[in-house]
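The values are calculated or read from the model by the stated rules, or taken from the named source; none is laboratory data. No experiment lies behind these values; they were computed from the predicted model shown. Don't worry about glycine lacking a Cβ; one is built from the backbone with ideal geometry, like all the others, and counts go over all protein chains shown.
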Amino acid sequence: MGTPEFFDASTSSFTNLVDVFAGRETPIPRAELASTAVRVHHSAPDGLQLFELRLEPGTRGESHAHVEDEIIVVVEGELLFGARTLGAGSSVMVPGGTLYAFVAGADGCTFLNFRPRVDSSYITRAEFVHGAASEELPALE
């Protein structure tokens, strides 16, 4: 039996990804880091992970993959995902090891990202094509 863990959005602010990765190597393109902010709702070392990303208008998430499956739920704005446009309330499930990219809509986008386990992997398109995975990124805190 466990204990419920709560997240209170009114007491938790977003952190720009540039600050999250300050002084660390990352394969995430600099332009994407500069226009993206994150706040972590839940992240247990051997358990579920839920975080929220806020993208400025036109932010491009370059083609990449992750080890774990993930579900992305758009909360505000639009997320262009391939030929699809996801509006508020829409979601997409991306299996682990699947290459994908996205672009935030004209008004930006906020989305929730859920993973069954903490996953800080980021596999670039080049690494994916060559069958090599990048090192794990620092954990989101």
Which one of these does T124 not meet: (1) among the β-branched types (V, I, T); (2) surrounded by fewer than 18 Cβ atoms within 10 Å (Cβ to Cβ); (3) farther than 30 Å from G2 by Cβ; (4) touching a residue at least 60 places away in the same chain (Cβ under 8 Å)? (2)
M93 passes all but one of the listed conditions (1) surrounded by fewer than 16 Cβ atoms within 10 Å (Cβ to Cβ); (2) touching a strand residue (DSSP E or B) at 6+ places or on another chain (Cβ under 9 Å); (3) aliphatic (A, V, I, L, M); (4) at pLDDT below 90; the exception is number (4)
Among all residue pairs at least 6 apart or on different chains, which show Cβ distances below 7 Å where the first residue, located in region 12-37, is in contact (Cβ under 8 Å) with a residue 24 or more places away in the chain and the second is part of a strand (DSSP E or B) and among the polar types (S, T, N, Q)? P27/T124
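For every residue, the table says whether it meets (1) within 22 Å of V103 (Cβ to Cβ); (2) of a type in the set (F, W, Y); (3) touching a Cys at 6+ places or on another chain (Cβ under 8 Å).
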site	(1), (2), (3)
M1	no, no, no
N16	yes, no, no
D19	no, no, no
P27	yes, no, no
E52	yes, no, no
T59	yes, no, yes
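Look through region 33-61, keep the residues that are among the charged types (D, E, K, R) and at pLDDT 95 or above, and return whichever of them is farthest from P116 (Cα to Cα). Even if it seems obvious, please write down each step before you answer.
Step one: of region 33-61, the residues among the charged types (D, E, K, R) are 39, 46, 52, 54, 56, 60.
Checking which are at pLDDT 95 or above leaves us with 39, 52, 54, 56, 60.
Numbers: R39: 17, E52: 15, R54: 21, E56: 27, R60: 25 Å.
Checking each candidate, the answer is E56.
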Residue check, G47 of a type in the set (G, A, S) and in contact (Cβ under 8 Å) with a residue 60 or more places away in the chain: yes
For region 49-85, enumerate the residues that are among the small types (G, A, S) and more than 19 Å from I123 (Cα to Cα). G58, G77, A83
